[in-house]
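One structure, pasted below without further comment.
The values are calculated or read from the model by the stated rules, or taken from the named source; none is laboratory data. A quick note: this is a predicted structure, and the numbers were derived from the prediction, not measured. We place every Cβ from the backbone using ideal geometry, glycine too, and count neighbours over all the protein chains shown.
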Amino acid sequence: MSKQVPLEIESVTNIQNLRNFLARYEKEVFCCIELPAVHSAYWFANRGQFKELLSLDAKLTASPALQCFSEESLYVGRQQLRMLKPMYDQRMLQRFRKCVINGEAKGWNPIVFGVFLSIHSVPVREGLLQFGRQTWSGFINGIKDKKGFLESECLELLDHYVDRLPRWIENVVVESNTSPGTLKANFR
């Protein structure tokens, strides 16, 4: 049995490599870890379950599947926390931000995004769709600019993954509704 190659965007050299990367990312990270993590963070924030939010952060930190994406995810999550700093009336957000500053939590993007959705009362499906669009657009447009891929091929890929979002979102939401308050992310 051969060991699978690590999932690294840096290894993408052509449009077929990008297709392969995105397919693996969707299967191994996006659908089984990130979407459920955003959804869980949203509900933990809605219910004021701070310990559960910190536990989710720790589980994301320990997930080997996320290690090669940690730098980018933590950067985006921490930037979001900085932009939300003025929201002093949001106790959950301020407590989480303080834990990130003190090194007690990392500040993963899916968690901060879920808390953001909760604070702004964004419907969960709409928020997950926004998270997905940002994720796919970030990967595809970022690599397109670096590697000079054709705009038309990248738009086709982006459309493909955005069109798939409603099905994945529904899977996360419906599965979570069968046992509310449980964490659905599959950490490997």
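In the range 138-163, how many are within 21 Å of Leu128 (Cα to Cα), of a type outside the set (Val, Ile, Thr) and surrounded by 19 or more Cβ atoms within 10 Å (Cβ to Cβ)?
3
Each row is one residue, and each column tells you yes or no for (1) closer than 20 Å to Val112 by Cα; (2) of a type in the set (Ser, Thr, Tyr).
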residue	(1), (2)
Tyr25	no, yes
Ser40	yes, yes
Trp43	yes, no
Arg47	yes, no
Lys51	yes, no
Ser55	yes, yes
Ser63	yes, yes
Gln67	yes, no
Val76	yes, no
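For every residue, the table says whether it meets (1) of a type in the set (Gly, Ala, Ser); (2) in contact with a Leu (Cβ under 9 Å, 6 or more places away or on another chain); (3) part of a helix (DSSP H, G or I); (4) modelled with pLDDT of 95 or more.
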position	(1), (2), (3), (4)
Ser121	yes, no, no, no
Gly127	yes, yes, yes, yes
Gly138	yes, no, yes, no
Lys144	no, yes, yes, no
Tyr161	no, yes, yes, yes
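Here is a follow-up. Kindly indicate whether any position in the range 96-115 is out of contact with any Leu (no Cβ under 8 Å at 6 or more places or on another chain), modelled with pLDDT under 90, part of a helix (DSSP H, G or I) and over 21 Å from Ile169 (Cα atoms).
Taking every residue of the range 96-115 in turn, none turns out to be out of contact with any Leu (no Cβ under 8 Å at 6 or more places or on another chain), modelled with pLDDT under 90, part of a helix (DSSP H, G or I) and over 21 Å from Ile169 (Cα atoms).
Next question. Quick check on my filter: what residues within the range 83-99 are among the aromatic types (Phe, Trp, Tyr) and either crowded, with 17+ Cβ neighbours inside 10 Å or within 17 Å of Ile9 (Cα to Cα) (or both)?
Phe96
If you don't mind, there's one more thing I want to ask. Name the residue, out of Leu117, Leu74, Leu84, that is without any contact (Cβ under 8 Å) to a residue 40 or more places away in the chain and touching a helix residue (DSSP H, G or I) at 6+ places or on another chain (Cβ under 7 Å). Reasoning before the result, please.
Details: Leu117 fails: without any contact (Cβ under 8 Å) to a residue 40 or more places away in the chain; Leu74 fails: touching a helix residue (DSSP H, G or I) at 6+ places or on another chain (Cβ under 7 Å).
Sole residue among the options that is without any contact (Cβ under 8 Å) to a residue 40 or more places away in the chain and touching a helix residue (DSSP H, G or I) at 6+ places or on another chain (Cβ under 7 Å): Leu84.
On the given criteria, is Glu71 at pLDDT below 95 and of a type in the set (D, E, K, R)?
yes
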